[in-house]
Amino acid sequence: MDFERLTQSLIEPIRRSVISLPRTTHDALRRATLEEEEIGRTQLEAMLKAIDIGIEQKIPICQDTGTPTFYVSIGTAFPGFCEIHQLEPALRRAVQLATQVIPLRPNTVHPFNGSNPGDNTGFEIPQVIWQIHGRDTFHLTYLPKGGGCTNMSQLTMMTPGKGIRGVKDIVLTRIATMAGNPCPPTVIGVGLGGSDVMCMELAKKALLRPVGQRHPESFVAELEFELLEKANELGVGPAGIGGKTTVLDIKIEYEYRHPASFPVGIAVQCWANRQITVSVNANGSVEVIS
Amino acid sequence: MILLTTPIQTEAVRKLKVFDTFSITGTVFTARDAAHEKLLDLYKNGSNPPFSVGDLPCFHCGPVMRNNDGVWEVVSAGPTTSSRMDLFEDQFMDAFGTRVFIGKGGMGHRTSAALQKHGGIYAQFTGGAGSLMAGAVKRVESVYYLDELGIPEAIWLLNVVEFGPLLVTMDSFGQSIHQTLAEKVSINLDRIKKSL
């Protein structure tokens, strides 16, 4: 496996991830303009214009180009699998290089003294989340997540007796109270069950499912749809100054839980729902999938 | 659309009301959390800030910048979440007399009271639209505390032409679109919860 080539190959997908949006998100924003009255429409039009400028001039749509997370899905039958311990350093170099050449905003700062290494890395940033399967494919997703929306994340260790109604209450209350802070219309990832940590990971991973795509299990899909409809009755609106489009979508992922615990995790993504997935070849080249 | 120029004129700002839209031509300075702390520390120590903080609009923003052979250029520069600056803005107005704040997401009661006291406004630019804002920047006039604070937190003085549209969401009369909307949303939430 040519890891040096992989580092180089990732620069263009990282660039593409911050200068444009996934088609499903872009389409959802366009559709929302038809729903809104003037005040909300003006905000959505500014967002769409910012996307057009991003694509035309190849500059980041939003100045907050996020902190980087990579989701790795790799098969043990992938030709370079035995050398895969070299992947994390290669991804780290890709982020450092991308920060310089695109450029990205150097976001990571030391929590004690505020110093900034200038290259978007930390001890284990970019974070790499692994999924290993038995096939011969290797997919990588890059998720640069902004600070404004991430500040609205929430973990509630709900009393289990409150049940699914309690979940609805927590999610809708969060969307109402965070108002315009996370740059609505947002995409909401909800994690249900698991441990505390698993629950937040599920919530964040839920954001990777394309806008408009429902959960494969109908009882989950129905809850997603109900929450989506009700969230958009709240009236927060685009940019949080009133309107019908408060969320573009709500995604739920779940796991079995301890009988005494019902973790409810909420991960919030701004309208600039930036992410990109590539398929990696053994020679280090990549192809954008979505 | 109303046009504000810098140095900011007190009367022009007092006339602005919520739902007015305006743009700015002149100089704005960026300031996030660390920059506010830095300038307030200077004030508390009796030192003068390196530029006239009271004459210019304060833009809650940490831009993406590019250095082309020693000349700084703005790449993308939308607003950051303003509520974080609720910790500082009343002291900031008392110290420097700054009267125009630009950001996103709105600010709270403490800032609203200070805007009334000083005849100031808070205006919102569409969050996330950093590429759109960058088009209004003609050049970077100067930068302060870059080595100490890094690119996002440094204070950038940006020369802008028709930076906007900016929507007044909090005015000097104590009105706040954010507050009014939060009350409406809270009523909607209570109604929806009953139907769950």
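The values are calculated or read from the model by the stated rules, or taken from the named source; none is laboratory data. No experiment lies behind these values; they were computed from the predicted model shown. Cβ: placed from backbone, ideal geometry, glycine included. Neighbour counts: every protein chain shown.
Couple of notes before you dig in:
- Selection status of B:Leu167, within 24 Å of A:Pro60 (Cα to Cα), in contact (Cβ under 8 Å) with a residue 60 or more places away in the chain and within 14 Å of chain A (Cβ to nearest Cβ): yes
- Segment B:62-81: number of residues that are of a type in the set (Gly, Ala, Ser), surrounded by 16 or more Cβ atoms within 10 Å (Cβ to Cβ) and more than 9 Å from chain A (Cβ to nearest Cβ): 0
A quick yes/no check of all residues on (1) assigned to a loop (DSSP other than H, G, I, E, B); (2) more than 10 Å from every other protein chain (Cβ to nearest Cβ); (3) within 28 Å of B:Gly106 (Cβ to Cβ):
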site: A:Asn113; (1), (2), (3): yes, yes, no
site: A:Asn116; (1), (2), (3): yes, no, yes
site: A:Ile125; (1), (2), (3): yes, yes, no
site: A:Gln131; (1), (2), (3): no, yes, no
site: A:Thr141; (1), (2), (3): no, yes, no
site: A:Met157; (1), (2), (3): no, yes, no
site: A:Gly166; (1), (2), (3): no, no, no
site: A:Asp169; (1), (2), (3): no, no, yes
site: A:Thr173; (1), (2), (3): no, no, yes
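- Hits in segment B:114-141 (condition: among the aliphatic types (A, V, I, L, M) and out of contact with any helix residue (DSSP H, G or I) (no Cβ under 7 Å at 6 or more places or on another chain)): B:Leu115, B:Ala123, B:Met133, B:Ala134, B:Ala136, B:Val137, B:Val140
- Some residue of segment A:89-101 being within 30 Å of A:Met198 (Cα to Cα), away from chain B (no Cβ under 13 Å) and of a type in the set (Lys, Arg): yes
- Only a single item in (1) surrounded by fewer than 24 Cβ atoms within 10 Å (Cβ to Cβ); (2) at the interface with chain A (Cβ under 10 Å from one of its Cβ atoms) is not met by B:Lys104, and it is number (1).
- Residue count for segment B:124-155, restricted to those that are outside any loop (DSSP other than H, G, I, E, B), within 11 Å of another protein chain (Cβ to nearest Cβ) and either more than 25 Å from A:Gly242 (Cβ to Cβ) or in contact with a strand residue (DSSP E or B) (Cβ under 8 Å, 6 or more places away or on another chain) (or both): 13.
- Leading residue by the ranking (farthest from B:Gln124 (Cα to Cα)) among those in segment A:28-56 that are in contact (Cβ under 8 Å) with a residue 24 or more places away in the chain and acidic (Asp, Glu): A:Glu35
- Once segment A:44-71 is narrowed to residues that are among the polar types (S, T, N, Q) and within 20 Å of the chain's Cα centre (by Cα), the residue that is surrounded by the fewest Cβ atoms within 10 Å (Cβ to Cβ) is A:Thr69.
- Residue match in segment A:188-209 (condition: closer than 26 Å to A:Glu37 by Cα and more than 10 Å from chain B (Cβ to nearest Cβ)): yes
For every residue, the table says whether it meets (1) assigned to a helix (DSSP H, G or I); (2) closer than 18 Å to A:Pro185 by Cβ.
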site: A:His215; (1), (2): no, no
site: A:Leu234; (1), (2): no, yes
site: A:Ala239; (1), (2): yes, yes
site: A:Pro259; (1), (2): no, no
site: A:Val264; (1), (2): no, no
site: A:Ala267; (1), (2): no, yes
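- Answer residue from segment A:213-271, given it is hydroxyl-bearing (Ser, Thr, Tyr) and away from chain B (no Cβ under 13 Å) and is surrounded by the most Cβ atoms within 10 Å (Cβ to Cβ) among those: A:Thr245
- Among the candidates B:Lys184, B:Lys194, residue that is free of Cβ contacts under 8 Å to residues at least 24 places away in the same chain, of a type in the set (D, E, K, R) and facing another protein chain (nearest Cβ under 7 Å): B:Lys184
- For segment A:253-289, residues that are more than 26 Å from A:Asp64 (Cα to Cα) and hydrophobic (A, V, I, L, M, F, W, C) total 5.
- For first residues located in segment A:62-87 and within 14 Å of chain B (Cβ to nearest Cβ), partners that are at pLDDT 95 or above and in a strand (DSSP E or B) and lie 6+ apart or on another chain with Cβ distances below 6 Å form the pairs A:Gln63/B:Val64; A:Gln63/B:Ser76; A:Thr65/A:Pro144; A:Gly66/A:Pro144; A:Gly66/A:Lys145.
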